1. Among the candidates Lys48, Lys69, Lys108, Lys121, single out the residue that is within 28 Å of Glu27 (Cβ to Cβ), surrounded by 13 or more Cβ atoms within 10 Å (Cβ to Cβ), out of contact with any helix residue (DSSP H, G or I) (no Cβ under 8 Å at 6 or more places or on another chain) and modelled with pLDDT under 85.
2. Determine whether the range 32-46 contains at least one residue that is without any contact (Cβ under 8 Å) to a residue 40 or more places away in the chain and under 12 Å from the mean Cα position of the chain (by Cα).
3. Is there any pair with a first residue in the range 87-113 that is closer than 21 Å to Gln35 by Cα and a second that is loosely packed, with under 12 Cβ neighbours inside 10 Å whose Cβ atoms are under 7 Å apart and which are 6 or more apart or on different chains, and what are they?
4. Those residues that are hydrophobic (A, V, I, L, M, F, W, C) and either in a helix (DSSP H, G or I) or at pLDDT 90 or above (or both), I need them from the range 51-66; list them, please.
5. Pick from Asp82, Asp88, Asp99: which is over 20 Å from Leu31 (Cβ atoms) and not hydrophobic (A, V, I, L, M, F, W, C)?
6. So which residues in the range 59-82 are closer than 18 Å to Ala40 by Cβ and either free of Cβ contacts under 8 Å to residues at least 24 places away in the same chain or in contact with a Phe, Trp or Tyr (Cβ under 6 Å, 6 or more places away or on another chain) (or both)?
7. Could you list, in sequence order, all residues of the range 111-134 that are in contact with a Phe, Trp or Tyr (Cβ under 8 Å, 6 or more places away or on another chain) and on the phi < 0 side of the Ramachandran plot?
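The values are calculated or read from the model by the stated rules, or taken from the named source; none is laboratory data. Values in this document were obtained by computation on a predicted structure and should not be read as measured data. All Cβ positions, glycine included, derive from the backbone under ideal geometry; neighbour counts span all protein chains shown.
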Amino acid sequence: MKTHFIKLLASQLALAATLFAGVANAETLTLYTSQPEADAAKTVDAFKKAQPGIDVNIYRSGTSDILTKMAAEFAAGSPQPDVLLIADAVSMELLKKDDRLLPYPEAKLDGIEADAYDADKTYFGSKLITTGIVYNTAAKVPRSNSCSPRKVCRQ
């Protein structure tokens, strides 16, 4: 599992560097990201190795904050990010629907599964996000007489 994660992180950094390189036509690039700070720093480091002459300005916050900031920038007619790196496909679909994303047809996707990116190549998945379900075993849940903690009960 650890090896798979390392390979996934390496492909994420390589893809981010490729995407940055595709839009980098200036001396400075603005990245909006919801990545944890350590991951964002690794992403920027990978980009700087590929594109040493370009500085990167980072705005790092939660996805909701980023989308709120971008909505205000769109309303003002002055969106700032050159690259958006968030972990929310639903938000990316909304941005795509609103025609806020450009396709990047020449993105190098070797080793990336086709279901990990948008068919039009307007956004690309970069990591797996897992969701855990937990419950409190001490919680008091009303049950019928025929129910036990190991059975599915219908009331």
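1. Going through Lys48, Lys69, Lys108, Lys121 in turn, just one is within 28 Å of Glu27 (Cβ to Cβ), surrounded by 13 or more Cβ atoms within 10 Å (Cβ to Cβ), out of contact with any helix residue (DSSP H, G or I) (no Cβ under 8 Å at 6 or more places or on another chain) and modelled with pLDDT under 85: Lys48.
2. Yes, there is a match, as at least one residue in the range 32-46 is without any contact (Cβ under 8 Å) to a residue 40 or more places away in the chain and under 12 Å from the mean Cα position of the chain (by Cα).
3. Short answer, once both residue conditions are applied: Ala87/Ile129.
4. Selection gives Ile58, Ile66.
5. Exactly one residue qualifies, and that residue is Asp99.
6. Within the range 59-82, the first condition is being closer than 18 Å to Ala40 by Cβ, and the residues that meet it are 59-67, 69-70, 80-82.
Within the range 59-82, Tyr59, Ser64, Asp65, Ile66, Pro81 meet the criteria.
7. Listed by number, the residues that qualify are Ile112, Ala116, Tyr117, Asp118, Thr122, Tyr123, Phe124, Gly125.
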